[in-house]
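Take a look at the structure below.
Values in this text are rule-based calculations from the coordinates and carry no lab data. The shown structure was predicted, so the numbers you read here are calculated from the model rather than taken from an experiment. When we count neighbours, we look across all protein chains shown, and the Cβ atoms used for this are built from the backbone with ideal geometry, even at glycine.
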Amino acid sequence: MELVFLGTGAGLPALGRNVASTALNLSAEHGVIWLFDAGEATQHQMARAGLSLHRVTRVFVTHLHGDHLLGLPGLMASRSFQGDAGPLQLYGPPGLAEYVETTLRLTASHLTYPVDIQEVADEQTLACDDGWTVSVRLLDHVIASFGYRLVEPDRPGALQVDKLTALGLPPGPEYARLKRGLTVELSDGRVIDGRDVLGPAQSGRVVALTGDTRACAATVRLAEAADVLVHEATYAAAQADLAETFGHTTTEQAARIGLEAGVAQLLLTHISQRYATDDLACLEAEARQVLPATLVMHDLQTVPVKRRGTVAESASLFPAGPVPRG
């Protein structure tokens, strides 16, 4: 699992930074790609990143501002030219269906695959493929803007072959049953419970992504104990007044959210075009003073999503109850 940053700029496309889009590349695990926003030229950025349109099965739109959305109709139309394109699921704020349907109708775009559009609401939970869940939170922007929290299902622990060898069970089809946590009866009548010969379960990874938002408590809840938080950081710390006026977040504010939520890694995107490449190190340093595990993202940068550890280890780091603070 990896995040591919297709567009990390804010508002206007530039030579160094395209407008907003992030891909969660699940090709290795499930053969699919999930997109989060699709600003202008997203399909061009996907081509540059080596990502195939036909693998995109879900698109999550955070809000209806053009720099997060104007690339979606073109992407959908181009996907039709790939003969093996399967169904496409879209999620987003109220108004998404009207926008997509009207744009495709007026441009006479014919899709060769079915599309389902689901308009989301605050605190909604979406059921996705292979046991994944996606939670939705309404954030704080100048229009309705949503964040998404993705939770991967837990992975069973490794089969402890040394235990099975000691019990006199050689490799064979029984191992598959035990791996699924089922029981196996030996020829001498003994019964082995799969749960007794599996190592600690691996906790599912958690990824939280925001669209445009001011610093708010809803984002802290969205990102609680996440392995990765992708958060906007449109402005430097000194521009907190502009962030408040235009519904955005500063580098320092985003880092405090990550710290309060107890995230393992914070990835900052949606950087204002006012900042040149030479300014990015300073922006990153501002955030790292609050949360050292912070990076400012660049277009086409890829970041693997790492696991914290076992289910038990994750529970001990982040026990149930209030969000960790400080």
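Structure summary
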{"quantity": "Label-point separation in nm, R48 to T165, each point 7 Å along Cα→Cβ", "calculated": "5.2"}
{"quantity": "Angle between the chain longest axis and helix 96-106 axis [Cα atoms, degrees, rounded to 10]", "calculated": "60"}
{"quantity": "Vicinal HN-Hα couplings computed from phi for region 247-262 (Karplus, 6.51 cos²θ - 1.76 cosθ + 1.60; Hz; Gly/Pro x)", "calculated": "x, 10, 10, 8, 4, 5, 4, 4, 5, 5, 5, x, 5, 5, 7, x"}
{"quantity": "Built amide H within the under 5 Å cut-off of E40, gap 5+", "calculated": "L69, L70, G71"}
{"quantity": "Helix-only [θ]222 nm of the chain, DSSP H runs n ≥ 4, -39500 (n - 2.57) each, per residue, nearest 500", "calculated": "-7000 deg cm²/dmol"}
{"quantity": "Relative exposure of I33, I117, judged by other C-beta atoms within 10 Å (fewest first)", "calculated": "I117, I33"}
{"quantity": "Read-out mean projected area of the Cα convex hull in nm², derived from the coordinates shown; its label in (1) 19.3; (2) 15.4; (3) 17.0", "calculated": "(1)"}
{"quantity": "The chain: antiparallel DSSP beta bridges as a percent of all, rounded to 5", "calculated": "55"}
{"quantity": "By average C-beta atoms within 10 angstrom, highest first, the peptides 165-174, 93-102", "calculated": "93-102, 165-174"}
{"quantity": "Farthest positive-ward along region 36-140 dipole, Cα basis, beta-carbon charges - from Q45, V120, P93", "calculated": "Q45"}
{"quantity": "Among L70, L138, L182, residue whose mean-square fluctuation peaks in a GNM of the chain (springs only between Cα atoms under 10 Å)", "calculated": "L182"}
{"quantity": "Inter-label distance, nm, simple model (7 Å from Cα along the C-beta direction), C282/A158", "calculated": "4.8"}
